[in-house]
Amino acid sequence: MSKNKVLQPNFKLSFLLPKYWLTWIGVLIMYSISWLPYKFQIFLGRQLGKLLFKIGSSRKKVAARNIELCFPEMPETEREELLRKNFESTGIALLETGMGWWWPDWRIKRKFTVTGLEHIEKAKADGHHVFILAMHYLCAEIIGRGFGHSHPLVIFYRPHNNQLMEFFQFRGRGRSNKYMLGKKDVKGLIKAIRTGESSLYLPDQDYGRNRSVFVPFFDVKETATTTGTLIFARQPKTKTFMLIPQRKDDGSGYTVEITPALDNFPSEDDIEDTTRINQEVEKVILRKPEQYMWLHRRFKTRPNENDASLYK
């Protein structure tokens, strides 16, 4: 197993200090709510999202701007409706975090339908390594837990800044998966891929100017897109797959689909490959755009440092 540069966080007496009391209150509320009936939690989360939408925030402005930039031809009324539904989905996602971290295995398993695992199994049988691309769907916390029961993963992730939240996040995310690697442990993920571990990476956020190229994403023609994805996809004998999650509209649970391996990918052209990744991400988002994490400032890094911000 690769050495994890993010050491597994252990409980510290310092977590009992006053600076963590609000975190403890939040965690206890999340934990308590997680034991309520599932459909009631979905209802409750939707109401929370409606409240967040009415209150408004800087994140609401970011989400609205992202939707405007990506879908400039969409009528304003439709963009507003998409934003409203996105906030309802965000409220649900907050409660799904508690489900993903604390639900017992039997409760998680009965809410999931997973398809496409045969593509991974065939690749491994043929001697290939498995690299899986996902994206920041709002239901990611519970999706990671649910999919892990069908096919445990090594997950590349960003540790939480709050050490107490990281203590719970690390354990919650790792309950049904192999192990997690901090976002700077590139060598660790390469080793995981080369030693036959199915590894998960999310390429769809703005990770800054370093190791990025500017290619189209929806209607934004120059979007900072990480080339870090290609470091892993270009490992010898590696096949790249897409993981497509979805929260069912009828409140019955979730589906996760693994696509066949991407054909003729990667090439030796960073622009061609990152453009293709963005196109694949777009296809997934368009299935359920209201369930995507539009709250992130996806377009904060501009091609030239002196370019005006798209969020002003």
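The values are calculated or read from the model by the stated rules, or taken from the named source; none is laboratory data. Being a predicted model, the structure only gives us computed values, none of them experimental. Positions of Cβ are generated from backbone atoms using ideal geometry, with glycine treated the same way; all protein chains shown enter the neighbour counts.
Rundown of residues vs (1) among the basic types (K, R); (2) over 26 Å from S198 (Cα atoms); (3) surrounded by fewer than 17 Cβ atoms within 10 Å (Cβ to Cβ), yes/no style:
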residue	(1), (2), (3)
K221	yes, yes, yes
L230	no, no, no
K248	yes, no, yes
A261	no, no, no
K283	yes, no, yes
P303	no, yes, yes
Some residue of region 101-117 being hydroxyl-bearing (S, T, Y), in contact with a strand residue (DSSP E or B) (Cβ under 8 Å, 6 or more places away or on another chain) and crowded, with 17+ Cβ neighbours inside 10 Å: no
Some residue of region 195-202 being at pLDDT below 95, buried (at least 20 other Cβ atoms within 10 Å of the Cβ) and not hydroxyl-bearing (S, T, Y): no
